[in-house]
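Contents: one structure, followed by commentary.
The values are calculated or read from the model by the stated rules, or taken from the named source; none is laboratory data. Bear in mind that the values here come from a model prediction, so they are computed numbers and not experimental data. No Cβ is skipped: glycine too gets one built from the backbone with ideal geometry, and neighbour counts run over all protein chains shown. What goes into the accessible areas is simple: the full protein's heavy atoms, side chains included, and nothing from ligands, DNA or RNA. Shrake-Rupley method; radii C 1.70, N 1.55, O 1.52, S 1.80 Å.
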Amino acid sequence: MAIKFIRIKNFTVFDDLAITPSSGINIFIGQNGTGKTHLLKAIYGACEASKESKNVSVEFIRCFKQNASFFNFLHDANDKRRCSDIFIDSENDIENDTRMCTVSLPKENDQTIWGGYAIHTPKDIALNATYIPNKDMLTHSKGLLAMSEKYREFPFDKTLTDIISKANQWTVKETPPIAKSILPVLETIMNGEVYVENEEFFIKKNNGVLISFAVEAEGIKKIGLLWQLLMTDNITEDSILLWDEPETNLNPEYLPVIVDCLLSLARHNVQIFVSTHNYIFAKYFDVRRQADDHLKFHALYKENNAAKCETKDSFSALEHNQINRTFDHLLDEVYNLETEE
């Protein structure tokens, strides 16, 4: 079930933002502070809320009270609480086909603050989503879930513990059809498969040697996480994948591999939302796409201190494209340097 409409009001940097996403792949770019990660977390939080039938607490952004910036986001200029609204719609009929999951705003005496929102999701439709954070969590997985359940003031938000929970599930016996063309490519890069034992993650190399995630290369761990999510049936047809900066720590030669994997998943009806700062990664979507692939590029930018969004069907068509401008500046400097020599 694809998301067809997103509207976010009074949430962090967003005063009132409306987006009509692609049913396939959505690539978000933008300078730091324009809300890319917050947008992905808001979508994920709404998807999680869609599974509930009553008021829920979706702690997808959490921070300590001394973090004044997020505290200020929840207040207006007169220090009054603002009501944040997140609308997620799968039928393009947000007015008549939604339910509201309300989350209380933080109490004044709470030591921690997490978002208080009215989350509107489609009636009687559960949106199954997986959020892959930029931060590696599997290295620290041993005992982390138990600690998060025991201690209320746990310093990680729900997105960070959810990914451990999903990756720690049992793998399926047979390769899912959606993954058959992808897993061999990932296994070649890892030189093995993911192996889980007592909540710890390893790469089991083709020669039988177990390499702990704690000492494995960061890029290989990211490849391994994608492999594991496919084999635990968390990324399936008609599901939603949100991935914050997939290119981080990856060898540049693997960027087109990940793009091809995401395009393949989208062709199996996985709706994908990714954020990136990387020119090569973003541009490869234009280069590797097929005629019938569904892609949209979204550029987040600031206007009057509020985040806005420009949407185009190709990367080069974006006007608010800081990645493209920076790349052009680099080419100019290289040209000038070579000319001087």
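Here is how the numbers come out for the structure above:
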quantity	calculated
Extension gain, Asn305 back to Thr175 (0.36 nm per residue minus Cα-Cα distance, nm)	42.1 nm
Under 15 Å from the Ser23 label point (7 Å along Cα→beta-carbon), backbone N, region 202-238	237-238
Cα lying deepest toward the dipole's positive end in region 197-323, options Ile272, Asn207, Gln290, charges on Cβ	Gln290
Rounded to the nearest 10 Å², the accessible area of Thr236 at probe 1.4 Å	40 Å²
Förster radius 25 Å - calculated FRET efficiency between Ser165 and Ala2, Cβ distance, rounded to 0.05	0.55
Set Lys180/Lys308; Lys41/Lys221; Lys173/Lys312; Lys41/Lys173; Lys123/Lys173; Lys4/Lys302 screened for pairs whose C-alpha atoms are more than 29 Å apart	Lys180/Lys308; Lys173/Lys312; Lys41/Lys173; Lys123/Lys173
Cut-off 17 Å (backbone N to label point 7 Å along Cα→Cβ of Asp238), residues of region 4-41	4, 23-24
Relative contact order of region 179-244, pairs being alpha-carbon contacts under 8 Å that are 6 or more residues apart, as %	26 percent
Hz values of 3J(HN,Hα) by residue in region 311-316 - Karplus curve (6.51, -1.76, 1.60), Gly and Pro given as x	10, 9, 8, 9, 5, 5
Area of Lys312 that stays accessible when all protein chains are in place (1.4 Å probe, Å², to 10)	80 Å²
Rounded if a/c under 1.5, otherwise prolate or oblate - region 258-341, Cα gyration tensor axes	oblate
Förster radius 25 Å - calculated FRET efficiency between Val287 and Thr248, Cβ distance, rounded to 0.05	0.75
Net charge of Cβ neighbours under 13 Å - reference Glu319; Lys, Arg +1; Asp, Glu -1	+1
Net lengthening on full extension, Ile280/Thr139 (0.36 nm per residue, minus Cα-Cα)	48.0 nm
Inter-site label distance for Phe327 and Arg267 at 7 Å from Cα along Cβ, in nm	2.3 nm
Accessible-area value, Tyr44, 1.4 Å probe, nucleic acids and ligands omitted, Å²	0 Å²
Neighbour net charge for Lys205 - beta-carbon separation under 12 angstrom, K R +1, D E -1	-2
Ala146 paired with Lys51, simple spin-label distance in nm, labels 7 Å along Cα-to-beta-carbon	2.3 nm
